[in-house]
Structures are given as C-alpha cells and as structure tokens.
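Visitor: Once you've had a glance at the structure underneath, I'll fire off some questions.
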Amino acid sequence: MNAVPGQRPGEPDAGSGQWRVLLVEDEPTQLRIVERRLTKAGYIVDTATDGQSALNKLSGNRFHILITDWDMEPMDGATLCRRVREITNLDSYVYIIMLTGHNEVADVVAGFEAGADDYLRKPADDAELLARLKAGRRILELEQQVQRLSMTDPLIEIYNRRHLIVQLPRDIDRARRYQRPLSIVLADLDDFKRINDEHGHHVGDQVLRGFAQRASTSLRQCDWIARYGGEEFVFVLPDTALPRPRRNCAPSARVRCSRPVRAACA
C-alpha cells in the first residue's frame, strides 16, 4: 500500500530526498549550466525550452519545483506562472522560482502577482540559487505535512474519505488518458455493529486498526486503501482489470482479514 497520504501512489515523496525540478530556459547554454548545477546538488532535473512544453510535462509528471526564465517566446515566464496556477488537477503544490534580468521593483511585483514564489536575478549565483531552493523545500515539506494530516484517518492511519474524493477522480482521469485499467473494490466488516454493542467502541476501534493493517499488506505499492466511513473501505487498484481483483486481490485480503483480531477489553 502507498502509505504516505498526500503523495500520489507510485510517486516519490518530497521528504525522501528525491526532489524533482523542472527547469525552463530557452537559451541552450544557460539551460545546460543551471541543469549541471542542480544535478550536482542532488536534484532530479528535467528541462523544457518553452512554456508550452513545460505545461505538457507538468500535466503528465510530478515536479516539486519549477524554475523558469522570464524572457521567453512565445509564452513568457510570467504567463507560464499564471497558467500553472490555473491548473486544478496537480497532485501537489509546485514551488516556482523566476529567473530574470529585470531589476525594477515593478517587475518583481509582477512576477509574484503572476504566481511565482521566489525571484532570482540572472546570472544566478550558485550559492544563492541553492539557498533559495533549500528555502523552497522547507515550505514544501511543511505543506506536505499539513496535507498528510488532512488526508489521513487519525484512528487507523490510512487515507480518509477526503483523500478518496480528491484522488480517485485523478486516478480515473489518468486511467482514461493512458487507456490503462483501474479497479475499485468496496469492502465492509460484517457484524461490526454487534462488536461495538457487545464489547464497546474501544474494541471496535482495535478491530478497525487490525483490518486496516492486514488489508494494507495485501496490496501492491501502487495500490491504496481509504476509509469511506464507519466500517466501509475502498480499495483502488491501478493497472488491474476485472476479474483480477476478485481472483487475486480479494481472496488474499479475505484470508488475511479473516483471522481473529486480538483486542484488549476494558
């Protein structure tokens, strides 16, 4: 199971050190210089030479940071910033650093109003560029922590209904776009109300945690599970076509979850 709420299944976690940067620069020499600097510093760097190419890459991949030149044609950096901020289906926030030779305060203000998070004048000093990237990473890590808390069920520590509502349409859209199968399995716990009535909610909570832990071990890394409500759960299985979920996933989960859960009674 993908166990990091707020992280798209199968994608690297920003907290793991795998920072993905999209560098947008239409001048080949400058592009290569900055790319080498970032790669040497440990970043995973992809490049684009114009705004539209950058938008295309953002729509199909996850990047943590976007570094863009301002003076490009036909789409300049400020327009690219606005277009990025208009995208509603990105998996996470993209931190944008604008590189430019513009020195006027009005230009700085225009860059921020377009959606940039930081501003660096060209030619960029290596130490300053890396320091600003580090500052951006701190902000992204805080954002990710908040997102994890908002997407996690506090009782059983798996994805909650909010994550299901946000992420499932994205997975469905991705499956349609790339013509890949996607299966969804609905599950609930039999006689769960009786467990609560006869043994108390504290025992019911232990049963829920036991089910979530066992169900999670039945899934692949790209699969994920969310608590829909009460004792109801939703399994999302990318690249899995029916009847494979019934034949493969469901029996495996059923065997693991059918074993008794040891619960401490008050």
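Derivation of every value follows stated rules applied to the coordinates shown; laboratory data play no part. Predicted model only: the values in this text are computed from it and were never measured. All Cβ positions, glycine included, derive from the backbone under ideal geometry; neighbour counts span all protein chains shown.
Visitor: Go through segment 175-222 and name the chymotrypsin sites (Phe, Trp or Tyr not before Pro) that are in a DSSP coil and have 15 or fewer other Cβ atoms within 10 Å of their Cβ. Write down the numbers at each step before the final one.
Guide: Details: sites: 178, 192, 211; in loops: 178.
Of the chymotrypsin sites (Phe, Trp or Tyr not before Pro), the ones in loops of segment 175-222 whose Cβ has at most 15 other Cβ atoms within 10 Å are 178.
Visitor: Under the 0.36 nm per residue contour assumption, what length would be gained going from the current alpha-carbon distance of residue 180 and residue 73 to full extension?
Guide: Values: separation 107, 0.36 × 107 = 38.52 nm, distance 3.54 nm.
Separation in residues times 0.36 nm, less the Cα-Cα distance, equals 35.0 nm.
Visitor: Whole angstrom only: what separates the Cα centroid of segment 82-141 from the Cα centroid of segment 176-226?
Guide: A separation of 41 Å, based on Cα centres.
Visitor: Return the sequence-ordered ³J(HN,Hα) values of segment 170-186 in whole Hz as given by the Karplus equation 6.51 cos²θ - 1.76 cosθ + 1.60 applied to θ = phi - 60°, using x for Gly and Pro.
Guide: Residue by residue, segment 170-186 yields 5, 5, 5, 4, 5, 5, 5, 5, 9, 6, 10, x, 8, 10, 10, 10, 9 Hz.
Visitor: If each residue of separation counts as 0.36 nm, what is the full-extension length gain between residue 39 and residue 122 once their alpha-carbon separation is subtracted?
Guide: Details: separation 83, 0.36 × 83 = 29.88 nm, distance 1.89 nm.
Length difference between fully extended and current span is 28.0 nm.
Visitor: Take residue 168 and residue 91, extend 7 Å from each Cα along the Cα→Cβ direction, and tell me the distance between the two endpoints in nm.
Guide: For residue 168 paired with residue 91, the spin-label model returns 1.9 nm.
Visitor: Using the Cα gyration tensor of segment 14-151, with a ≥ b ≥ c the square roots of its eigenvalues, what is the shape: rounded (a/c below 1.5), prolate (a/b larger than b/c) or oblate (neither)? Working shown, then result.
Guide: Values: a/c = 1.41, a/b = 1.26, b/c = 1.12.
Rounded, since a/c falls under 1.5.
Visitor: Can you give me the long-range amide H partners of residue 183? Hydrogens built in the peptide plane at 1.01 Å from N, cutoff under 5 Å, separation of 5 or more residues or another chain.
Guide: Amide H neighbours of residue 183: 237, 239, 240.
Visitor: Expected output is a single nm value to one decimal: the length gained when fully extending between residue 188 and residue 241, i.e. 0.36 nm times separation in residues minus the C-alpha distance. What is it?
Guide: Result: 16.9 nm gained on full extension.
Visitor: Per-residue HN-Hα couplings for segment 74-82, Karplus 6.51 cos²θ - 1.76 cosθ + 1.60 at θ = phi - 60°, whole Hz, x for Gly and Pro?
Guide: x, 9, 7, x, 5, 5, 4, 4, 4
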